[in-house]
Amino acid sequence: MGRPPDWQPLADADPVPGDPYDVAVLGRKFRATAELIASSSKQLKTMCTDEFWDSDAGAAFRQRSDDTAGKLSKAHARYAAAATALGTDPGDAAPSTPARPNYAGSLEEAQAQSARALPAAQDAAATQRTVMSQLQAYPAVLAPDSLVPDGSGHLRPALLDPPEVAALKRHYNAAADDLASAAATLARAQQLRDAAAANASDLIASVIDSDGLGDSWWDHVTSFIDEHAALLSTISTIAGWVATTCGTLALVVGWIPVVGQALAAILGTVALAASVVALISDALLEIGGKGSWADIALDVIAVASFGLGRAAAGALRDSSLLARFTASSEGLKAAVSDLMEGDAWLTGGEDGLDEALPHAWGEIKEATGNWETDELELAEKHAPRSWPKWGDILRGFHPGEILKDGFKDIGDLKWSNWKELAKSATWKDAKFFVGDPEIHEALESTSRLGDLGKLDKVRAFVANVSSNHDMWRYVTIPAVAADFANHVLAESGLKNRVLHDTGLGWAAG
């Protein structure tokens, strides 16, 4: 039998909605599922007990069967709890308890109580309307507010009320009492329903929280990755191309006059950032079972090569600066010694020495070039060796140092410098080269030392320049080659086949 559509004056809509029979049907389904799980679990536990199947395969199968049976037992507890919580018989009038919520029976009883309260409330409301219309026929003998019910819904009697008016008020107030009684019955019905719902919810929650089958935070992570695998794959692809493009351009724009060094630094920084994004995306895909260890390896190579390359480049620049500084001081000492032993001193005395020394110092300065004091102090602090120290390597990966070095020359990209490129004089001495412009500059400045580079205290720094340059090439060239190979394989469609043959990627499946 359906529920009444009109619940005035108790409520605007059905105050105890739902279908206890549908709830009971669902409870029976859960009960049947629980019984099926229990039967299956029992069968699994009795399998593989044949004494003749005494082998590694049998032991492995028994282990897997025991594990599966354990999980089924936990699942059985969930379904059994759900069946108990919902109930299987809407006619079961047993009170709801935490151990036996019986929601279907409680809902049926609550709806029956509310249905009994409605007619009484509607009759009482009809009576009040009739009495009120009769009272309104006595306006002359009633005070203006005597027909306004108080907070309890009653009309206040007055000493001067005629007997007919007093009787009508008593009739109105009796109907108000009936209406309040119906409302109280409805409230008890709702409390009965709510208590059964709370018991059912608590029983199900307690089983879920204690059976070990609930999703962990890791399950949520892998679920998120699975749902967004396509987006992560797109991000990885785009970041990979950005890293490859910017990394390659950083090696070929350094020769451009005025703006080349700033462009190379910024492009290199963008390439590193894109490589990190690609690495994070590919790592998340692998965690979610949708990635490739090959992609992660290539990303690690790209990021590691950038950091090691920065470390080697920094050690190279510092070694070059120290070589030039040492060459200038040691060269001056050697020049003074040669002049003191040569004809300039013997024939010209101090005047001849004063005349020859500026010329010798000018040749030394032309070979060693200029430098800033703070740059020299920083180079001496780092004390570079033939291979970067751990401190230099960590500095090569430090985000703050990367951003600082990457954008320190950004001021060179102002519009006035770009306009300089339109002048032929700007390109007069420009020579194309491939590589880091600061490394190129450091190598060139070291090569100009000539015989000064052969001085004992200078040779060690020159050797450090050469060693760190080799390291920079060894980590940069393979990384660029591997990056291009990755993109070529991906674009040609051969990558998935390679992953399939090597078992390194999920796409092989």
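The values are calculated or read from the model by the stated rules, or taken from the named source; none is laboratory data. Please read these numbers as outputs of a predicted model, since none were measured by experiment. Backbone-built Cβ (ideal geometry, glycine too); neighbour counts: all protein chains shown. The area values use the complete protein model at the heavy-atom level, side chains included, leaving out ligands, DNA and RNA. Shrake-Rupley method; radii C 1.70, N 1.55, O 1.52, S 1.80 Å.
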Which condition does Ser275 not pass, out of (1) out of contact with any Phe, Trp or Tyr (no Cβ under 7 Å at 6 or more places or on another chain); (2) modelled with pLDDT of 80 or more, if it passes all the others? (1)
Contact list please: Cβ distance under 9 Å, first residue in the range 412-434 and within 16 Å of Ala265 (Cβ to Cβ) and of a type outside the set (Ser, Thr, Tyr), second residue at pLDDT below 85 and surrounded by fewer than 10 Cβ atoms within 10 Å (Cβ to Cβ), pairs at least six apart or on different chains. Asn417/Gly411
In the range 360-411, residue farthest from Ala463 (Cα to Cα) [restricted to those that are touching a residue at least 60 places away in the same chain (Cβ under 8 Å) and among the aromatic types (Phe, Trp, Tyr)]: Phe407
Specify which of the listed residues (Val498, Val488, Val434) is at pLDDT below 75, open to solvent by 60 Å² or more (accessible area, probe 1.4 Å) and in contact with a Leu (Cβ under 7 Å, 6 or more places away or on another chain). Val498
Scanning the range 258-274 residue by residue, those open to solvent by 20 Å² or more (accessible area, probe 1.4 Å) and of a type outside the set (A, V, I, L, M) turn out to be Gln261
For the range 393-407, name all the residues that are basic (Lys, Arg) and either at pLDDT 75 or above or not in a helix (DSSP H, G or I) (or both). Lys404
Quick check on the range 149-163. Is at least one of its residues open to solvent by less than 40 Å² (accessible area, probe 1.4 Å) and either more than 28 Å from Gln8 (Cα to Cα) or of a type in the set (D, E, K, R) (or both)? yes
For Gly369, work out the one condition from (1) surrounded by 13 or more Cβ atoms within 10 Å (Cβ to Cβ); (2) modelled with pLDDT under 60 it doesn't fulfil. (2)
In this structure, does Asp209 turn out to be among the charged types (D, E, K, R), open to solvent by 40 Å² or more (accessible area, probe 1.4 Å), touching a helix residue (DSSP H, G or I) at 6+ places or on another chain (Cβ under 8 Å) and modelled with pLDDT under 80? no
Please determine whether any residue of the range 312-332 is touching a Lys or Arg at 6+ places or on another chain (Cβ under 8 Å), modelled with pLDDT of 80 or more, hydrophobic (A, V, I, L, M, F, W, C) and assigned to a helix (DSSP H, G or I). yes
Qualifying positions in the range 400-456 - in contact with a Gly (Cβ under 9 Å, 6 or more places away or on another chain) and among the hydroxyl-bearing types (Ser, Thr, Tyr): Ser445, Thr446, Ser447
Taking Ser281 as the residue in question, decide whether it is closer than 21 Å to Ala304 by Cβ, in contact with a Ser or Thr (Cβ under 7 Å, 6 or more places away or on another chain) and not in a loop (DSSP other than H, G, I, E, B). yes
Might you check whether a residue that is touching a Phe, Trp or Tyr at 6+ places or on another chain (Cβ under 7 Å), open to solvent by less than 70 Å² (accessible area, probe 1.4 Å) and modelled with pLDDT of 90 or more occurs anywhere in the range 32-46? no
Is the range 476-492 home to any residue that is without any contact (Cβ under 8 Å) to a residue 24 or more places away in the chain and within 21 Å of Ser386 (Cα to Cα)? yes
When you look at Val336, is it more than 31 Å from the chain's Cα centre (by Cα), assigned to a loop (DSSP other than H, G, I, E, B), surrounded by fewer than 23 Cβ atoms within 10 Å (Cβ to Cβ) and not hydroxyl-bearing (Ser, Thr, Tyr), yes or no? no
Filter result for the condition that a residue is assigned to a helix (DSSP H, G or I), over 25 Å from Ala250 (Cβ atoms) and either open to solvent by 40 Å² or more (accessible area, probe 1.4 Å) or at pLDDT below 80 (or both), over Glu444, Glu377: Glu377
Considering only the range 408-424, state which residues are open to solvent by less than 80 Å² (accessible area, probe 1.4 Å) and assigned to a helix (DSSP H, G or I). Gly411, Asp412, Leu413, Ser416, Asn417, Glu420
Across (1) open to solvent by 100 Å² or more (accessible area, probe 1.4 Å); (2) under 20 Å from Asn464 (Cβ atoms), Ala383 clears everything bar (1)
